[in-house]
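Student: Right, I'll just put the structure down here and ask away after.
The values are calculated or read from the model by the stated rules, or taken from the named source; none is laboratory data. These figures come from a predicted structure and were not determined experimentally. Using ideal geometry, Cβ is built from the backbone for each residue, glycine included, and neighbour counts are taken over all protein chains shown. Calculation scope for accessible area: heavy atoms of the full protein, side chains included, ligands and nucleic acids excluded. Shrake-Rupley method; radii C 1.70, N 1.55, O 1.52, S 1.80 Å.
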Amino acid sequence: MASVHESLYFNPMLTNGVVHANVFGVRDWVTPHKMALLVLLSELGRAGPQLGLLERRRLNRLLLPLLQGPDMALSRLRKAIEECCPQLAGSVHIRLKLMAEGELKDMEQFFDDLSDSFSGTEPEVHKTSVVGLFLRHMILAYNKLSFSQVYKLYTALQQYFQKDEKKDGADENDMELTNPEELDGKMEKEELDGPLREEEIACSGPLSQKQAEYFLSQQASLLKNDETKALAPASLQKELNNLLKFNPDFAEAHYLSYLNNLRVQDVFSSTHSLLHYFDRLILTGAESKSNGDEGYGRSLRYAALNLAALHCRFGHYQQAELALQEAIRIAQESNDHVCLQHCLSWLYILEQKIFDSCVLLEHSVNKSLHFGLPYLASLGIQSLVQQRAFAGKAANKLMDALKDSDLLHWKHSLSELIDISIAQKTAIWRLYGRSTMALQQAQTLLSMNSLEAVNVGVQQNNTESFAVVLCHLAELHAEQGYFAAASEILKHLKERFPPNSQHAQLWMLFDQKIQFERAMNDGRYHVADSLVAGITALNSIEGVYRKAIVLKAQNQMSEAHKLLQKLLIHCQKIKNTEMVIRVLLSIAELYWRSSCHTIALPVLLQALALAREYSLQYLASETLLNLAFSQLILGIPEQALNILHMAIEPVLAHGAVLDKGCAMFLVAKCQVASAASYTPQKKIEALESAILNLNEAKTYFAKVDCKEQLRDVLYFQARLFHTLGKTQERNKCAMLFRQLHQELPAHGVPLINAFK
């Protein structure tokens, strides 16, 4: 779709070598590219019996996108034909050459001969087939041309062919100056190019109505399923603006412009395009034709509903509420129950920003099922499950509810909601601390085939659900010390969801968090501090929490305590229970480091009560480990060991490698402290058991490259080997400790005053 000159509005006869009588007045017009397609169809009919089955099948698959798509350069068309049948590509080129280098009567004779395809008892082409309709449209459009228009078409054909000839000559000169290896590299790059490149569309000329509809549907499908293959936002908007110059009342183009502006979070332009879409829908009468007298009112209420959704997406909740009230009023006047159910769902979303209420949502689910709206009902069920998960309901009840939702999905083939449901299960298992189950659900979604038809080379399932699952998968691998695998997953995410795409913020946040954890494990606090700003920009709560962790690691206790107290108040206000528990655990650690061990106990008990109330099993186990550490400091290691035996199993089964190492280190400390009152023989056994646990902890810490913890373990092991009289093992541990101690700065905190 090349840029269109303003004179097109006054003299729409010839633009960029394209003959047409009226913009969108006819469904098709004749272009040099379409004449090349007509030659291809003619040669295909002649060579039909000589073609093999595989070649014919390839050509048939090629024809539909060629007939529907925009015009392309002759060289690209020839290359596409050569990949299917090189012999036919040569015949098409020769036929076009004879026509372009011949006389005008040759083109006239060609169109006269096209009508013979429909003659006879067994015609080569059926009139009602896709190819037959295309031929008839072209013959009709050609017959309507005046003599001057026919001459201009013939001139355009000559220019079209000569441009290809010049390109072939330039390519031959390049081949003489280029060695074969470089040429192969160029060919491979060309083969990897997508079927619809920006430069091809930009030089293809104005589109007919059918081509424009195909272009819009193709780009809309790509935006939904595989945004990376769609045109870039600026390029797509340029093509849409050019298209709207031909027909400003083309409602579908305005809607695609609205979707395109949403990609770049342009609230003004997206609102402008959305309003234009519904204005054009009403003006053209498209709604009235399909819905009778209700068409006008239907457009108005759905315009208000879409406007409310748009404002809600950008966080303009007051404007969204006003638009929603307008949509509800018009829907009630028209007795439109379907629109009212959509309004009810959005009303719940808006009220959720103010207070938690399940009443509206439960009512919406029941009404949606009553009116036969499975999509809305399923979304309502999943929203209820999410809310109940944050409220601490048992996992088995939530999974039963999701099972009922899945029955609706499979019954009605709602593939997008199947993906959302599995992604939701992954997130719920992560929330409850069951990483094994979360991993299983993530793998289930990634190995599924979409129920939607694959079209125009679309990479299916480039949706938010897949972004969420892949992010969880990357974090799970990083927690287990598989940083290379996590990097590969993040690299795939960056390719699948480029930085300008709407779901890119998900992997950006996880990428920053993984880098932060690696820097903290490695003792590079200045690097971790530099990552805090990026995390804060994507998630303010996570950013403040990470800043407090860095301050705590740098022994800036008072600043860290102030920050954590502010964050605790904010999280309690917005009812972010998971973060409240994590903040309480960090505050307890600050009290340990400040030698206020008794003050830490009430804080830990509060965190444990919250974790058990909200069924956050892993956080409960982590809190119990912290309680055991407090009891060890207070001089009751036997009680600490009893708690450890109760809490360590979930940590070893579902925990991160760092947490496993800390747990085993804590067990060894408790064993050594308890051994003080044992008999000599029993004490030796206890110390040897502690050394084995330290070896396991050392393996875990080495896996995540946590050098500070490794140094502490080596120091502890050297002391135990010295007590047992094992000089050689002691010296080995002492040497390794010395190497790490020289590499790392001393933190100045006693060894026993830190759980992690």
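Student: Of the residues that sit in the stretch 550-577 and are closer than 22 Å to Tyr618 by Cβ and touching a residue at least 12 places away in the same chain (Cβ under 8 Å), which one is surrounded by the fewest Cβ atoms within 10 Å (Cβ to Cβ)?
Tutor: Taking the candidates together, the pick is Lys575.
Student: Same structure, new question: Would you check which residues across the stretch 261-284 are open to solvent by less than 30 Å² (accessible area, probe 1.4 Å), touching a residue at least 40 places away in the same chain (Cβ under 8 Å) and under 12 Å from Pro233 (Cα atoms) and list them?
Tutor: Within the stretch 261-284, Leu262, Arg263 meet the criteria.
Student: Which of the residues belonging to the stretch 63-73 are buried (at least 17 other Cβ atoms within 10 Å of the Cβ) and part of a helix (DSSP H, G or I)?
Tutor: Scanning the stretch 63-73 gives Leu63, Leu66, Leu67, Gln68.
Student: Evaluate the stretch 494-510: report whether one residue or more is out of contact with any His (no Cβ under 9 Å at 6 or more places or on another chain), surrounded by fewer than 18 Cβ atoms within 10 Å (Cβ to Cβ) and under 21 Å from Val544 (Cβ atoms).
Tutor: The answer is yes; a qualifying residue exists.
Student: Collect the residues in the stretch 387-413 that are open to solvent by less than 30 Å² (accessible area, probe 1.4 Å) and in contact (Cβ under 8 Å) with a residue 40 or more places away in the chain, keeping them in residue-number order.
Tutor: Ala389, Gly392, Ala395
Student: Failed condition for Glu708, given (1) part of a helix (DSSP H, G or I); (2) open to solvent by 70 Å² or more (accessible area, probe 1.4 Å); (3) at pLDDT below 90; (4) farther than 24 Å from Ile636 by Cβ, with all others met?
Tutor: In the conditions (1) part of a helix (DSSP H, G or I); (2) open to solvent by 70 Å² or more (accessible area, probe 1.4 Å); (3) at pLDDT below 90; (4) farther than 24 Å from Ile636 by Cβ, Glu708 misses (2) alone.
Student: Which condition does Glu685 not pass, out of (1) open to solvent by less than 40 Å² (accessible area, probe 1.4 Å); (2) free of Cβ contacts under 8 Å to residues at least 12 places away in the same chain; (3) not aromatic (Phe, Trp, Tyr), if it passes all the others?
Tutor: The single condition Glu685 does not satisfy is (1).
Student: So in the stretch 31-56, with the set limited to residues that are without any contact (Cβ under 8 Å) to a residue 60 or more places away in the chain and farther than 14 Å from Ile81 by Cβ, which one is surrounded by the most Cβ atoms within 10 Å (Cβ to Cβ)? Full working, then the answer.
Tutor: Step one: filter the stretch 31-56 for residues without any contact (Cβ under 8 Å) to a residue 60 or more places away in the chain, giving 40, 43-44, 46-47, 49-56.
Applying the additional criterion that residues be farther than 14 Å from Ile81 by Cβ yields 46, 49-50, 52-54.
Values: Arg46: 13, Pro49: 5, Gln50: 9, Gly52: 9, Leu53: 7, Leu54: 10.
The extreme case among them is Arg46.
Student: Follow-up question, since we're still on this one. Just name the residue that is nearest to the chain's Cα centre (by Cα) out of those in the stretch 620-634 that are in contact (Cβ under 8 Å) with a residue 24 or more places away in the chain and open to solvent by 30 Å² or more (accessible area, probe 1.4 Å).
Tutor: The residue in question is Ile633.
Student: Could you tell me whether Val18 is at pLDDT below 80 and either open to solvent by 50 Å² or more (accessible area, probe 1.4 Å) or hydrophobic (A, V, I, L, M, F, W, C) (or both)?
Tutor: Values: at pLDDT below 80: yes; either open to solvent by 50 Å² or more (accessible area, probe 1.4 Å) or hydrophobic (A, V, I, L, M, F, W, C) (or both): yes.
Spelling it out, Val18 is indeed at pLDDT below 80 and either open to solvent by 50 Å² or more (accessible area, probe 1.4 Å) or hydrophobic (A, V, I, L, M, F, W, C) (or both).
Student: What's the total number of residues in the stretch 594-619 that are touching a residue at least 40 places away in the same chain (Cβ under 8 Å) and open to solvent by less than 60 Å² (accessible area, probe 1.4 Å)?
Tutor: First pass over the stretch 594-619, keeping only residues touching a residue at least 40 places away in the same chain (Cβ under 8 Å): 595, 613-619.
Add one more test, that the residue is open to solvent by less than 60 Å² (accessible area, probe 1.4 Å), and what stays is 614-616, 618-619.
Summing the residues that are touching a residue at least 40 places away in the same chain (Cβ under 8 Å) and open to solvent by less than 60 Å² (accessible area, probe 1.4 Å) in the stretch 594-619 gives 5.
Student: Are there any pairs, at least 6 apart or on different chains, whose C-beta atoms fall under 8 Å, with the first in the stretch 130-141 and in contact (Cβ under 8 Å) with a residue 12 or more places away in the chain and under 16 Å from Leu66 (Cβ atoms) and the second among the charged types (D, E, K, R) and open to solvent by 60 Å² or more (accessible area, probe 1.4 Å), and if so, which?
Tutor: So the pair list comes out as His137/Arg27.
Student: Sticking with this one: Consider only pairs whose beta carbons are under 9 Å apart and that are at least six residues apart or on different chains; among these, list those whose first residue lies in the stretch 639-656 and is farther than 15 Å from Asn693 by Cβ and whose second residue is open to solvent by 40 Å² or more (accessible area, probe 1.4 Å) and assigned to a helix (DSSP H, G or I).
Tutor: So the pair list comes out as Pro650/Gln617; Ala653/Thr436; His654/Thr436; His654/Met437; His654/Gln617; Gly655/Glu479; Ala656/Glu479; Ala656/Glu517.
Student: State whether one or more residues within the stretch 476-494 are under 18 Å from Leu223 (Cα atoms) and at pLDDT 85 or above.
Tutor: The answer is yes, given that some residue of the stretch 476-494 is under 18 Å from Leu223 (Cα atoms) and at pLDDT 85 or above.
Student: Still on this model: If you scan the stretch 74-128, which residues turn out to be open to solvent by less than 70 Å² (accessible area, probe 1.4 Å), assigned to a loop (DSSP other than H, G, I, E, B) and either at pLDDT 80 or above or not assigned by the TED database to the domain that holds Ser146 (or both)?
Tutor: Selection gives Cys85, Gly102.
Residue by residue, here is whether (1) within 20 Å of Arg280 (Cα to Cα); (2) among the hydrophobic types (A, V, I, L, M, F, W, C); (3) at pLDDT 85 or above holds:
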residue: Glu199; (1), (2), (3): no, no, no
residue: Ser204; (1), (2), (3): no, no, no
residue: Glu213; (1), (2), (3): yes, no, no
residue: Leu216; (1), (2), (3): yes, yes, yes
residue: Lys245; (1), (2), (3): yes, no, no
residue: Pro248; (1), (2), (3): yes, no, no
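Student: Residue under question is Val469, and the condition is that it be at pLDDT below 95, open to solvent by less than 30 Å² (accessible area, probe 1.4 Å) and among the β-branched types (Val, Ile, Thr); does it hold?
Tutor: Values: at pLDDT below 95: yes; open to solvent by less than 30 Å² (accessible area, probe 1.4 Å): yes; among the β-branched types (Val, Ile, Thr): yes.
Criteria met by Val469.
Student: Same structure again: Kindly provide the set of residues from the stretch 129-146 that are part of a helix (DSSP H, G or I), of a type outside the set (D, E, K, R) and buried (at least 16 other Cβ atoms within 10 Å of the Cβ), ordered by number. Reasoning before the result, please.
Tutor: Filtering the stretch 129-146 down to residues part of a helix (DSSP H, G or I) leaves 130-143.
Now drop any that are not of a type outside the set (D, E, K, R), which leaves 130-135, 137-143.
Answer for the stretch 129-146, where residues must be part of a helix (DSSP H, G or I), of a type outside the set (D, E, K, R) and buried (at least 16 other Cβ atoms within 10 Å of the Cβ): Val131, Gly132, Leu133, Phe134, Leu135, His137, Met138, Ile139, Ala141, Tyr142.
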